[in-house]
1. Under 18 Å Cα-Cα from residue 74, which lysines qualify once same-chain neighbours fewer than 8 residues away are excluded?
2. Quick one: putting +1 on the C-beta of Lys and Arg, -1 on the C-beta of Asp and Glu, what dipole do you get for the chain around its Cα centre, in Debye to the nearest 20?
3. Taking a ≥ b ≥ c as the square roots of the eigenvalues of the Cα gyration tensor of region 23-89, is the shape rounded (a/c under 1.5), prolate (a/b larger than b/c) or oblate?
4. Expressed as a rounded percentage, what relative contact order does region 2-182 have, with Cα pairs under 8 Å and six or more residues apart?
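Nothing in this text is a laboratory measurement; each read-out follows from the coordinates by a stated rule. The structure displayed is predicted, hence computed values, not measured ones. Every residue, glycine among them, receives a Cβ derived from its backbone with ideal geometry; neighbour counts consider all protein chains shown.
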Amino acid sequence: MLFIRKYEETDFADAEYVCLHCDDEEDDAETQEFVLHFFCDYYLEQEPQNCFVLDDGGRAVGYVICAADFDAFKPVFFERYLPLVDGLGEKRLEWAMGSIALYEEFKSEYPAHLHVDLLPPYHRRGWGSRLLVTLFDHLRAAGCPGVMLTTGVDNAAALAFYEKLGLHRLATRGTEVAYGLKLV
Ligand SMILES: CC(C)(COP(=O)(O)OP(=O)(O)OC[C@H]1O[C@@H](n2cnc3c(N)ncnc32)[C@H](O)[C@@H]1OP(=O)(O)O)[C@@H](O)C(=O)NCCC(=O)NCCS
């Protein structure tokens, strides 16, 4: 049976696997290391209370992971996670920092940001939508005024997905688009 539950520490390896295998592209080892340090581990390690997984028989096969407050995220991310991607590609870092700049630009109205990923067999079955609604309810109950995310301008599926869920476009910068949703 598939169901959504809170992330637990024991989901760490499964969640990292989801992060690396949510689409059909196979990244090289350096890219994989970068992606985990930059887009995944902070959330699992520092804000497990703001992460939810899709459970299939005890295994996490999808997640929504979140930093609830940019001002709390930034110092920890910069001190503990950014140094880990040093030497893993200047261009890649420049591209990824574009997302951080967007989070900072919109933090007063949208202090939270998220990432959502599912393994391919679980796509287009409504679970991504349910994960987001679960997180939105959780953040709303905690008094968070807004949540945002960034994605690639060429990720047509993701753009359609966020728009269907009622998020609106905040900005487009280069190859990245920011979407936001007010929660109060
Ligand atoms: C993007 C993703 C999280 C969406 O989750 P999902 O469970 O597949 O999406 P849902 O089934 O909840 O879809 C809800 C709506 O989003 C839109 N949508 C979702 N996937 C789509 C696709 N491949 N093409 C077009 N529209 C799509 C549709 O409007 C869909 O409603 P419908 O099925 O009634 O037409 C998931 O497909 C995924 O993990 N993709 C790979 C990783 C990724 O791109 N993550 C986001 C990066 S920022």
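1. Those lysines meeting the cut-off are 107.
2. Dipole about the Cα centre, nearest 20: 1020 debye.
3. Verdict is oblate for region 23-89.
4. This gives 22 percent for region 2-182.
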